[in-house]
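Novice: Input: one structure, supplied below.
The values are calculated or read from the model by the stated rules, or taken from the named source; none is laboratory data. What you see is a predicted model, and the numbers here were worked out from it, not measured in a lab. In this analysis, Cβ positions are derived from the backbone assuming ideal geometry, glycine residues included, and neighbour counts consider all displayed protein chains.
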Amino acid sequence: MELKPSIPSSSLIDQHVFPGDVVLDLSKITSQTIKLGGGLRQDGDLISVMKGGVLRFSKPNKYWVETSQKRYVPSAGDNVLGIVVDARSDNFFVDIKGPTLAFLPVLAFEGGTRRNIPKFEMGTLLYVRVVKADTGMNPELSCMDASGKAAEYGPLKEGFMFETSTGLSRTLLSSPTCPVLETLGKKIAFEIAVGLNGRVWVNSSTPSIVVLVSNTIIQTASMSPTQQKIRVESLLQKMQ
Amino acid sequence: MGLKCLAQHYLKSTGPSFILTKKNKPLRRRTASLSKMEFVNPEGLRLDGRRPMEMRQLRAEIGVVSKADGSAVFEMGNTKVIAAVYGPREVQNRSQQSNDEALVRCEYSMANFSTGDRMRKPKGDRRSTEISMVIRQTMEACILTHLMPRSQIDIFVQVLQADGGTRSACINAATLALADAGIPMTDIVTSCSAGFLNGTPLLDLNYVEDSAGGPDVTVGILPKLDKVTLLQMDSKLQMETFETVMQLATEGCKAVASYIREVLLENTKQLESRRGV
Amino acid sequence: MEQRFANSWRMTVNEKKFIETALLSDLRTDGRGPFDYRNLTIQFGSEDGSSEVQLGQTRVMGFVTSQLVQPYRDRPNEGTLAIFTEFSPMADPSFEVGRPGESAVELGRIVDRGLRESKAIDTESLCVIAGKWVWSVRIDLHILDNGGNLIDAANIAALAALLTFRRPECTLGGEDGQEVIMHPPEVREPLPLIVHHLPIAVTFAFIGNQSIVIIDPSHLEEAVMGGKLTATLNTNGDVCAIQKAGGEGVLQSVVMQCLRIASVKAADITGKIKKAVELYKTSRDLKKIKRHPDSVNISNKLKDMEKPKLKLEKTSGSQSDDMEVESHSSKKDEHKCKAVIGGTSSWDPYSKVADADELKESLASQDVETPDQKMDVTPHEKQQLNVIDESLRDADPSPSLSVAAEAGEVKNKAESLSDAVKPKHKRKKKNLSNSDGS
């Protein structure tokens, strides 16, 4: 600890970092509050990395490490896809691929009252929002947006769900739209719901389109944008 | 020379310990080179005097275990099997409870005195684990499990006398016991085995025929739906021959089914008269 | 949280429904048709008798080992075959630590029945002394990743491992002829198992109300299926084992249809296994030649060095005997090379350098003392030497009388040849010729 590596923080931004790397030295920074995101940890005056990934910085003062893991770490505000596991009088138990099951209060629906509690079969797929994610307690979900409207949240009917990594789902959600979805969307019509927990739901009028879309997404996961574009176009041509 | 010494040492070090373990091992069931034996004599009769397509005598009795919710004894010739059913009852292991269907469990065992060699059979060996699973899945196929969610049905079958075809006898006994317990079923399941020896398809093999090393086809069917639910086969058989042997076994199953039907009918009549209806 | 929610893999209603509806239009979630098998790759470990099979996402490792044991009392002259399965919790969260579960037992039994009851492995050839010592062959099947259809993958892994496995050769010796002498692989080439035919397991799943039949179910499809049927067949059209342990009932005609499809797939898979094994065997043979890389090296080096100055000749003169033998080995490379080129891409770079003519040149320049006849040990003679070696070994009684007679004739010649070579090289030579035989 005596040897404080004085690495300027800017050099590490958008670079690959590994557990143990020191990104920031707080003693060097004065009169500024910084916000730490996932994968970073404060160790005395030092900010060090906990996970392998790419260090990101967003102005004015947010730092986080972007990783692509399969497990999801719940964080408030994320939109995720959950599977109903059990129903109790107060809560639905929902599996969101996190370390613990999440609770979905039976009243957390638009206009939800004790009288109109929705009924979910075990294994129903829900598009939900994480409301609370504190350590030491199960995360809490909601099927309403902040203003109390249903806003697309709720059970997803039909379609097909597959699991990928959190990194891929983030790419799918990124803007501008990722090349795979863009190219696919120009040619065929389909519905897609991407959860930040690495679950993706696809629906369309015919099963063949669903199979095509889901397999394309899985297969092109590790390709560069141009490769993706070429691949998708060739696949689409094959289909026609 | 050095090599020889090495080999000797190797034998010395492993030899005695193996002899010890070997002593505890049961005799292999299959006897060697019975293949030259005549299983069907020129008159067309089998060792026990049956015709190739003849079944052994069937006998069944319902309600033999008073404590159980349903029970039955089923005999196919000298093979005798007892089955008891408990349930639907509360699930014992809560972690296995299912919210939309009943849990079916099955335990198959062979009584120590059931075979000729007086060997103590270890419980839960690979063979009985497999047969337990086979019986469970076969019975599950006909039980309407979704009508009894959050409950458990236990099927216990024990072989009292083993003379070939124990698997079939177990399934037939379990069917009767389930029917006796009043568990809702889509159809009854009946089972029978068939083999192929001396170029002849043989129905319902006994122990000697079974241990000849020839093919052994066990079939379980849902007789009303005419569908095959259980099918197991060993040894080598040409595909065309297999079809005829399977056909034969299926016919056997149908014969068993009509007998089981009779037994159940008889039993129901008795119950009626007892109640004085 | 309640224990029953812990760590189990969950399937949504959507997936279940989708798999069923997509199948109505002959589509599967991974883009396959109902009767398409997944991609099959077979790899082998560095040791004999180890294989790794990848079937889509499913990965299974097979490992075969052998040991001398006492035979069963009722089968004194037959070796034993045992199969052990390991469903590691690493491969799937539903696998539990400890005792093998039902599926592990079923898998082991199906593979076991397919191999044993159809007598695919010649167990009688595993007998050393009847009633005393037989080889016990043990197959370990480790599930590394569960992507569905473990049975087929495990069966292929077992077969591939069995086909490449070799046990050390052992002969009887000692005063009473009852002592077992084991020959390490360096001394005598280990013996492969005798495999009569390959029983291939092909699994079908029945899905949905109409019991739609699909082949090679994936992990998802296994979670939805109402029942499955595993048929084990070989390429001769024999049915070696069938397992349909309850579940959804199907019509007899469907069973027969499955068997017919299975026999086609079995032929397909047999071809793939054989091809993979063949590739492995050639690379193994090549490796064996590489066991003496020094010899080739030296000759190459010498050749390179000799061109500028012939002074070396004297120093190498004392090694001439060595060189003689080695030249054979490199020549052998030469022939192997020709046979193999086009077959494998991984070829030992050394032997390619060793051009036959150049070698002869170099030998001629250095081997002043060696008589000419020695130089001319051509491959033809070498083959005869092999025959002798094999007939001398007498482990294999197969060589016919005429061959033996011919061998006897050459024997004298060969002896005179081998007399010239130092006895310690005999062993080396034997090895080489054995390698040729295998």
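Novice: Can you pull out the residues in the stretch C:249-276 that are crowded, with 20+ Cβ neighbours inside 10 Å and either among the polar types (S, T, N, Q) or touching a Ser or Thr at 6+ places or on another chain (Cβ under 6 Å) (or both)?
Specialist: Of everything in the stretch C:249-276, those that are crowded, with 20+ Cβ neighbours inside 10 Å and either among the polar types (S, T, N, Q) or touching a Ser or Thr at 6+ places or on another chain (Cβ under 6 Å) (or both) turn out to be C:Gly249, C:Val250, C:Ser263.
Novice: Now for a separate question. Answer yes or no: is there a residue in the stretch B:173-195 that is of a type in the set (A, V, I, L, M, F, W, C), over 23 Å from B:Ala84 (Cβ atoms) and crowded, with 19+ Cβ neighbours inside 10 Å. Outline the logic, then answer.
Specialist: Filtering the stretch B:173-195 down to residues of a type in the set (A, V, I, L, M, F, W, C) leaves B:173-174, B:176-179, B:181, B:183, B:185, B:188-189, B:192, B:194.
Among the residues that remain, those that are also over 23 Å from B:Ala84 (Cβ atoms) are: B:194.
Keeping just the survivors that are crowded, with 19+ Cβ neighbours inside 10 Å gives B:194.
Yes, because at least one residue in the stretch B:173-195 is of a type in the set (A, V, I, L, M, F, W, C), over 23 Å from B:Ala84 (Cβ atoms) and crowded, with 19+ Cβ neighbours inside 10 Å.
Novice: Separate question: Quick one: how many residues across the stretch A:187-240 are closer than 24 Å to A:Gly98 by Cα and either buried (at least 20 other Cβ atoms within 10 Å of the Cβ) or within 14 Å of chain C (Cβ to nearest Cβ) (or both)?
Specialist: Residues meeting the conditions: 14.
Novice: Select, from B:Ile188, B:Ile155, the only residue that is in a loop (DSSP other than H, G, I, E, B) and either without any contact (Cβ under 8 Å) to a residue 60 or more places away in the chain or not hydroxyl-bearing (Ser, Thr, Tyr) (or both). Break it down stepwise before answering.
Specialist: Working: B:Ile155 fails: in a loop (DSSP other than H, G, I, E, B).
Every option except B:Ile188 fails the conditions.
Novice: Within the stretch C:180-189, restricting attention to residues that are surrounded by 16 or more Cβ atoms within 10 Å (Cβ to Cβ) and either assigned to a loop (DSSP other than H, G, I, E, B) or without any contact (Cβ under 8 Å) to a residue 12 or more places away in the chain (or both), which residue is farthest from the other protein chains (Cβ to nearest Cβ)?
Specialist: The selected residue is C:Glu189.
Novice: Could you say whether any residue in the stretch C:138-151 is part of a strand (DSSP E or B), among the polar types (S, T, N, Q) and either under 21 Å from the mean Cα position of the chain (by Cα) or assigned by TED's automatic domain parsing to the domain that holds C:Leu172 (or both)?
Specialist: No, that holds for no residue.
Novice: Sticking with this one: Does B:Arg167 satisfy being charged (D, E, K, R), buried (at least 21 other Cβ atoms within 10 Å of the Cβ) and closer than 28 Å to C:Asp238 by Cβ?
Specialist: Yes; evaluated as a whole, the condition is true for this residue.
Novice: Here is a follow-up. Can you name the condition, by its number, that C:Ser50 falls short on among (1) among the small types (Gly, Ala, Ser); (2) touching a residue at least 12 places away in the same chain (Cβ under 8 Å); (3) within 14 Å of chain A (Cβ to nearest Cβ)?
Specialist: (3)
Novice: Shifting gears a bit: Return the residues of the stretch C:18-66 that are farther than 19 Å from C:Thr85 by Cα and among the hydrophobic types (A, V, I, L, M, F, W, C); say none if nothing qualifies.
Specialist: Matches in the stretch C:18-66: C:Phe18, C:Ile19, C:Ala22, C:Leu23, C:Leu24, C:Leu27, C:Phe35, C:Leu40.
Novice: Now for a separate question. Would you confirm whether any residue within the stretch B:122-140 is part of a strand (DSSP E or B) and at the interface with chain C (Cβ under 10 Å from one of its Cβ atoms)? Break it down stepwise before answering.
Specialist: Taking the stretch B:122-140 as the starting set, the residues that turn out to be part of a strand (DSSP E or B) are none.
No, every residue in the stretch B:122-140 fails to be part of a strand (DSSP E or B) and at the interface with chain C (Cβ under 10 Å from one of its Cβ atoms).
Novice: In the set A:Lys186, A:Lys149, A:Lys157, A:Lys132, which member is closer than 26 Å to A:Gln237 by Cα and either in the same structural domain as A:Phe92 (by TED's automatic domain parsing) or of a type outside the set (Gly, Ala, Ser) (or both)? Explain how you work it out, then say what you get.
Specialist: On the way: A:Lys149 fails: closer than 26 Å to A:Gln237 by Cα; A:Lys157 fails: closer than 26 Å to A:Gln237 by Cα; A:Lys132 fails: closer than 26 Å to A:Gln237 by Cα.
After ruling out the rest, the residue left standing is A:Lys186.
Novice: Still on this structure: Within the stretch B:64-100, track down each residue that is more than 20 Å from the chain's Cα centre (by Cα) and either among the small types (Gly, Ala, Ser) or crowded, with 16+ Cβ neighbours inside 10 Å (or both).
Specialist: Those that are more than 20 Å from the chain's Cα centre (by Cα) and either among the small types (Gly, Ala, Ser) or crowded, with 16+ Cβ neighbours inside 10 Å (or both): B:Ser66, B:Ala68, B:Asp69, B:Gly87, B:Pro88, B:Val91, B:Ser95, B:Gln97, B:Ser98.
Here is a yes/no grid of residues against (1) loosely packed, with under 14 Cβ neighbours inside 10 Å; (2) without any contact (Cβ under 8 Å) to a residue 60 or more places away in the chain; (3) touching a Pro at 6+ places or on another chain (Cβ under 8 Å):
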site: A:Leu101; (1), (2), (3): no, yes, no
site: A:Pro105; (1), (2), (3): no, yes, no
site: A:Phe109; (1), (2), (3): no, yes, yes
site: A:Lys119; (1), (2), (3): yes, yes, no
site: A:Leu125; (1), (2), (3): no, no, yes
site: A:Lys132; (1), (2), (3): no, yes, yes
site: A:Asn138; (1), (2), (3): no, yes, no
site: A:Ser142; (1), (2), (3): no, yes, yes
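Novice: Determine which single condition C:Ser218 fails, assuming it passes every other condition in (1) small (Gly, Ala, Ser); (2) within 22 Å of B:Cys142 (Cα to Cα); (3) crowded, with 20+ Cβ neighbours inside 10 Å.
Specialist: Among (1) small (Gly, Ala, Ser); (2) within 22 Å of B:Cys142 (Cα to Cα); (3) crowded, with 20+ Cβ neighbours inside 10 Å, the lone unmet condition for C:Ser218 is (2).
Novice: I would also like to ask the following. I need the full set of residues from the stretch C:53-85 which are aliphatic (A, V, I, L, M) and either in a loop (DSSP other than H, G, I, E, B) or within 10 Å of chain B (Cβ to nearest Cβ) (or both), in order please.
Specialist: Going residue by residue through the stretch C:53-85, those that are aliphatic (A, V, I, L, M) are C:53, C:55, C:60-61, C:64, C:68-69, C:81-83.
Listed by number, the residues that qualify are C:Leu68, C:Val69, C:Ile83.
Novice: Moving on. Checking A:Val130 against (1) part of a loop (DSSP other than H, G, I, E, B); (2) out of contact with any helix residue (DSSP H, G or I) (no Cβ under 7 Å at 6 or more places or on another chain), which test does it fail?
Specialist: (1)
Novice: Restricting attention to the stretch A:159-179, and to residues there that are within 14 Å of chain C (Cβ to nearest Cβ) and among the hydrophobic types (A, V, I, L, M, F, W, C), which single residue is surrounded by the fewest Cβ atoms within 10 Å (Cβ to Cβ)?
Specialist: Filtering the stretch A:159-179 for residues that are within 14 Å of chain C (Cβ to nearest Cβ) and among the hydrophobic types (A, V, I, L, M, F, W, C), the one surrounded by the fewest Cβ atoms within 10 Å (Cβ to Cβ) comes out as A:Phe162.
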